[in-house]
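A.B. asks: Quick one: structure below, then a few questions.
Here, each number is a calculation from the coordinates, and none is a lab measurement. Treat the numbers as computed from the prediction; the structure is a model and nothing was measured. Backbone-built Cβ (ideal geometry, glycine too); neighbour counts: all protein chains shown.
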2 protein chains.
Amino acid sequence: MSELIEKARKLQAAAKKLSILSSEEKNAALLKIAEQIANEKDWILHENRKDIEAGKSNGLSEALLDRLLLTETRIEQIIDGIRQVVSLQDPIGEIMDEWERPNGLHIQTIRVPLGVIGMVYEARPNVTVDSATLCLKAGNAVLLRGSTSALHSNKALVQVMQSALEGTSIPAEVIQLLEDTSRETATQMFKLNQYLDVLIPRGGAGLIQSVVQNATVPVLETGVGNCHVFIDETAERDMAINIAVNAKLQRPSVCNAAETILIHEKWPYIKELLDTLHDKGVELRGDDSLSAQFSYIKNATEEDWYTEYLAPIAAVKLVKHVSDAIDHIDRYGTKHSEAIISENEQNVQLFFQAVDAAVLYHNASTRFTDGEQFGYGAEIGISTQKLHARGPMGLKAITTVKSIVRGTGQVRN
Amino acid sequence: MSELIEKARKLQAAAKKLSILSSEEKNAALLKIAEQIANEKDWILHENRKDIEAGKSNGLSEALLDRLLLTETRIEQIIDGIRQVVSLQDPIGEIMDEWERPNGLHIQTIRVPLGVIGMVYEARPNVTVDSATLCLKAGNAVLLRGSTSALHSNKALVQVMQSALEGTSIPAEVIQLLEDTSRETATQMFKLNQYLDVLIPRGGAGLIQSVVQNATVPVLETGVGNCHVFIDETAERDMAINIAVNAKLQRPSVCNAAETILIHEKWPYIKELLDTLHDKGVELRGDDSLSAQFSYIKNATEEDWYTEYLAPIAAVKLVKHVSDAIDHIDRYGTKHSEAIISENEQNVQLFFQAVDAAVLYHNASTRFTDGEQFGYGAEIGISTQKLHARGPMGLKAITTVKSIVRGTGQVRN
């Protein structure tokens, strides 16, 4: 039997035991994991060193090496993350709805775990622990498929987590790392409907598309955000500039950062905004009228409007009306996060109604599309699909529902 | 441009207009459709006749010809179905949740349409109207892909529905029939993520698997139900027999009918139950002890435990304990609907906790797994997957959520 099938079977069996444990049992086991990671810190760093050395020999970029790197501080952050997961409310067992039918049948819908979750991710070893502990808290077993470049680190972390579970109520088999990181085995994993209930890809657009295109197992798609900030004619000056700067620059490398700023052509502070962005080091690419007016603005190409820069670059465009902004977002956006800065409530209403996206903002930065910022405590990712979960996903996104029907002998006529 | 792409583009544009219409506008348009179908009844029957003739020439079975057939009565039922959809509460616009963050951001989650739904179905032309009107009510445009055998009927029904929409608030383009019913075009449709938000297959296991295996568009999977009734040691005699007979025989051809009856070996009325089933014409296939005791019980093979008969055949098996029943269901079941008949609350609790299925019953027939029986008014299908919707799907299953965040200039630190 292949490693994949063997581990998938173990997970399925272990998931059943895990699904009925109490919050106390799950939390106690999670704290054991935190403790064991602290105890085995030196060994984990030693194993991570092997990945870093190999990465250097293989010519990985500085950015990738940095993602791969574990340090004492990063291990502390991983441990803090686990404690935070412990503090979250357990979603399992929640009675979501309850009603009685005219024939006396009593129906309850109850939140239960999904079962076995396949996590597919890239270099950062912290995702190994984050994902595993979130899955466990919601009663799910997890098959981890990380990248080859992080294999030593991931093996060490999974081994430490498994050994921490020995002697707790959670069977150690609920966490499995797929050590065969070949593409063929990944493709096989994406089609393992018999054992896996859902796949969650975490990483770049390439990884996510590879999962979406090849999977028959249902996917929770996360990812691409070509987000816009629209500054309406009536937008307050300081508020609009603050929000545009924050949405673009506070952390340009993430999916909820803004990529294009749409500005009403009659807004009086266009120059102040563009000068501010330029002064703060943002490379601006604008429509013809803007690039003609401002020497520091390059001409935007059609491709710019589609691009998620993930960098201190912004596309800027003047529009005549809120509906032009809506049309632009409709055409180029990725249905992630879209903001309108305006003091005109009618325009805000139109924007909220017409723009199809996971999260819409009025007078706030797109950077708030985030599980913690939404108050979910921790985040599995930001769903960019419309089924099951849309927008920031907390623990509830990795649960499903079971209907419980109690009768007194009812049969159907 | 291919028919598929042309229609998909029209749908995407029309879906935006549809998504913001009021319940009154949608209901008025649905009633127009009902009226027009009544007016055009003769022509629809005439077109249906062509499919029936072709079906006969092509040697379709009596059962398939019956599914294909429209009659005055069936058209009346279709019209009644539309009136029922009109009477349903519109799910769109519902504020599902609302909260405020410590930084003053006010968050609402609001129910919105999915967008464009691809329906993939088989012979029965009534599904054309049922699906289209349910999609419209929930603000979704719909691409209908029926079977070649029903093409004349489907074309007539779609043409009538489109012409009914002329002069209403709903653009006629929100309903499109894919007339190219080739397998290649179907496969292309299943991968049309750019235009389709979800695929819903309705039909036999072959159709559903073909969609699941080939789709990159998210699928709402419906289908197979290998359902069990477990009669515990303490089950009341009449109740248990009634429920077993109802679950097996009230409509054997549907997914929520029972296929296997598991009986506690100490239940005192085993003979009465089996005699009753046999007398009512059920072919019984049992484990060794049962086939040895009862002349009319054949030996069940391993395959029997896996089989969804969809016919008056039942597998029967004695078990020693509720946990044996749970293990059997776990091994052979399809996570659809499972019932325990028992007066022992501890066993009921164990069954509810340990069995992983969409709907679990205590002292009631599995036949209640149905949108109308659950009180949803109408049914899109019964989801056998765990993501998005599980169990009977009403209108809410074809909606998604949009988060609306209102701020006063908040930016992220």
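A.B. asks: So how compact is the protein assembly as shown: Cα radius of gyration and Dmax in angstrom?
C.D. replies: In Å, with Rg to one decimal and Dmax whole: 28.6, 95.
A.B. asks: So which residue, out of A:256, A:39, A:140, gets the largest mean-square fluctuation from a GNM of chain A using Cα contacts under 10 Å as springs?
C.D. replies: Comparing A:256, A:39, A:140 in a Gaussian network model of chain A, the most mobile one is A:39.
A.B. asks: At a 10 Å Cβ-Cβ cut-off, how would you order B:83, A:124, fewest neighbours first? Show your work: numbers first, answer last.
C.D. replies: Values: B:83 13, A:124 21.
By the 10 Å Cβ count, ascending, the order reads B:83, A:124.
A.B. asks: Still on this model: Count charges around residue A:233 for me, please; just the other residues with Cβ under 14 Å from its Cβ, Lys/Arg as +1, Asp/Glu as -1. Intermediate values should be presented prior to the final figure.
C.D. replies: Working: positive: A:237, A:266, A:320; negative: A:232, A:236, A:265, A:324, A:343, A:345.
It works out to a net charge of -3.
A.B. asks: If I fit a long axis through the Cα atoms of helix A:72-87 and take the longest principal axis of the Cα atoms of chain A, what angle between them do I get, 0 to 90°, rounded to 10?
C.D. replies: 70 degrees
A.B. asks: Write down Rg/Rh for the stretch B:132-177, rounded to two decimals, with Rg from the C-alpha atoms and Rh from the Kirkwood relation over Cα pairs.
C.D. replies: On the way: Rg = 10.6 Å, Rh = 10.9 Å.
In the stretch B:132-177, Rg relative to Rh is 0.97.
A.B. asks: Given labels modelled 7 Å from the Cα in the Cβ direction, how far is it in nm from residue B:276 to residue B:183?
C.D. replies: Computed distance between label sites residue B:276 and residue B:183 equals 4.7 nm.
A.B. asks: List B:239, A:161, B:1, B:96 from most exposed to least, where exposure is judged by having the fewest other Cβ atoms within 10 Å. Walk me through the numbers on the way to the answer.
C.D. replies: Details: B:239 19, A:161 29, B:1 8, B:96 14.
Ascending Cβ contact count within 10 Å gives the list B:1, B:96, B:239, A:161.
A.B. asks: Net charge within 9 Å of residue B:400 by Cβ-Cβ distance, Lys/Arg positive one each and Asp/Glu negative one each, not counting residue B:400 itself?
C.D. replies: On the way: positive: A:386, A:390, B:111, B:402; negative: B:197.
Computed value for this residue: +3.
A.B. asks: Here's another thing I want to ask about it. Roughly what % antiparallel, to the nearest 5, for the DSSP beta bridges in the protein assembly as shown? Present the calculation step by step, with values, prior to reporting the outcome.
C.D. replies: Details: 34 of 122 bridges.
Here the antiparallel bridges make up roughly 30 percent for the protein assembly as shown.
A.B. asks: With everything on Cα atoms, drop me the angle between helix A:41-57 and the longest principal axis of chain A, reported from 0 to 90° to the nearest 10.
C.D. replies: Rounded to the nearest ten degrees, it is 60.
A.B. asks: Through the Karplus equation 6.51 cos²θ - 1.76 cosθ + 1.60, θ set to phi - 60°, convert the phi angles of the stretch A:186-197 into ³J(HN,Hα) values in whole Hz; use x for Gly and Pro.
C.D. replies: For the stretch A:186-197, the Karplus curve yields 4, 4, 4, 4, 5, 10, 8, 4, 5, 10, 9, 8 Hz.
A.B. asks: Under a Cβ-Cβ cut-off of 10 Å, what is the net charge of the residues other than residue A:359 that fall near it, where Lys and Arg count +1 and Asp and Glu count -1?
C.D. replies: Working: positive: A:335, A:390, B:402; negative: A:338, A:370.
Combined, the nearby Lys, Arg, Asp and Glu give +1.
A.B. asks: Let me ask something additional. Amide H neighbours of residue A:227 under 5 Å, counting only residues 5+ apart in sequence or on other chains, H built in-plane at 1.01 Å?
C.D. replies: Residues meeting the amide H criterion: A:259, A:260.
A.B. asks: Quick one: which residues, 5+ away or cross-chain, put their amide H under 5 Å from the amide H of residue B:383? H built at 1.01 Å from N.
C.D. replies: Residues meeting the criterion, in which the H sits 1.01 Å from N, are B:391, B:393.
A.B. asks: Working from the pairwise distances between different alpha carbons, so that the mean of 1/r is found and then inverted, what is the stretch A:324-413's Kirkwood radius in Å? Numbers along the way, then the final one.
C.D. replies: Values: mean 1/r = 0.0641 Å⁻¹.
About 15.6 Å, per the Kirkwood formula over Cα pairs.
A.B. asks: Separate question: Given springs between every Cα pair under 10 Å in a Gaussian network model of chain B, which of B:61, B:323, B:149 has the largest fluctuation?
C.D. replies: Ranking B:61, B:323, B:149 by mean-square fluctuation puts B:61 first.
A.B. asks: Quick one: B:208, B:263, fewest Cβ neighbours within 10 Å first, how do they rank? List each step's numbers first, then the result.
C.D. replies: Numbers: B:208 21, B:263 26.
By the 10 Å Cβ count, ascending, the order reads B:208, B:263.
A.B. asks: Given H placed 1.01 Å from N in the peptide plane, which residues other than close sequence neighbours of residue A:361 have an amide H under 5 Å from its amide H?
C.D. replies: Answer set, sorted by chain and number: A:338, A:339, A:340, B:405.
A.B. asks: Looking only at B:101, B:285, B:145, which one moves most when chain B is put into a Gaussian network model with springs between Cα atoms under 10 Å?
C.D. replies: B:101
A.B. asks: Volume per residue, Å³, of the convex hull around the alpha-carbon atoms of the stretch B:370-413?
C.D. replies: On the way: hull volume 4.6 nm³, N = 44.
Taking the convex hull of the Cα positions in the stretch B:370-413, it is 104 Å³ per residue.
A.B. asks: Okay, next question. Pop the C-beta distance of residue B:58 and residue B:6 into the FRET formula with R0 = 35 Å and round what comes out to the nearest 0.05.
C.D. replies: Values: r = 29 Å, r/R0 = 0.83.
The computed FRET efficiency comes out at 0.75.
A.B. asks: With a ≥ b ≥ c the root eigenvalues of the C-alpha gyration tensor of the stretch B:79-124, is it rounded (a/c under 1.5), prolate (a/b larger than b/c) or oblate? Each step should come with its number before you reach the end.
C.D. replies: Working: a/c = 6.07, a/b = 2.31, b/c = 2.62.
It comes out oblate by the Cα gyration axes.
A.B. asks: Quick check on chain B: what are the equivalent-ellipsoid semi-axes from the Cα gyration tensor, as sqrt(5λ), descending, whole Å? Write out the running numbers ahead of the final one.
C.D. replies: Values: eigenvalues 343, 171, 67 Å².
Whole-Å semi-axes of the equivalent ellipsoid: 41, 29, 18.
A.B. asks: By how many degrees, between 0 and 90 and to the nearest 10, does the Cα long axis of helix B:270-279 differ from the longest principal axis of chain B?
C.D. replies: 60 degrees
A.B. asks: Where does the stretch B:115-197 land on Rg(C-alpha)/(2.2 N^0.38 Å)? The partial results should precede the final answer.
C.D. replies: Details: Rg = 12.2 Å, N = 83, 2.2 N^0.38 = 11.8 Å.
Against the empirical 2.2 N^0.38 Å value, I get 1.03 for the stretch B:115-197.
A.B. asks: Still on this model: Give the span of the stretch A:227-368's Cα atoms along each principal axis, as three whole-Å numbers ordered largest to smallest.
C.D. replies: 36, 30, 26
A.B. asks: Does a label point 7 Å from the Cα of residue A:191, set along Cα-to-beta-carbon, have any residues of the stretch A:96-129 with amide nitrogen under 15 Å, and which are they?
C.D. replies: none
A.B. asks: In Å, what Kirkwood hydrodynamic radius results for the stretch A:137-238 from the alpha-carbon pair distances? Don't skip to the answer; put the middle values down first.
C.D. replies: On the way: mean 1/r = 0.0612 Å⁻¹.
Kirkwood hydrodynamic radius for the stretch A:137-238: 16.3 Å.
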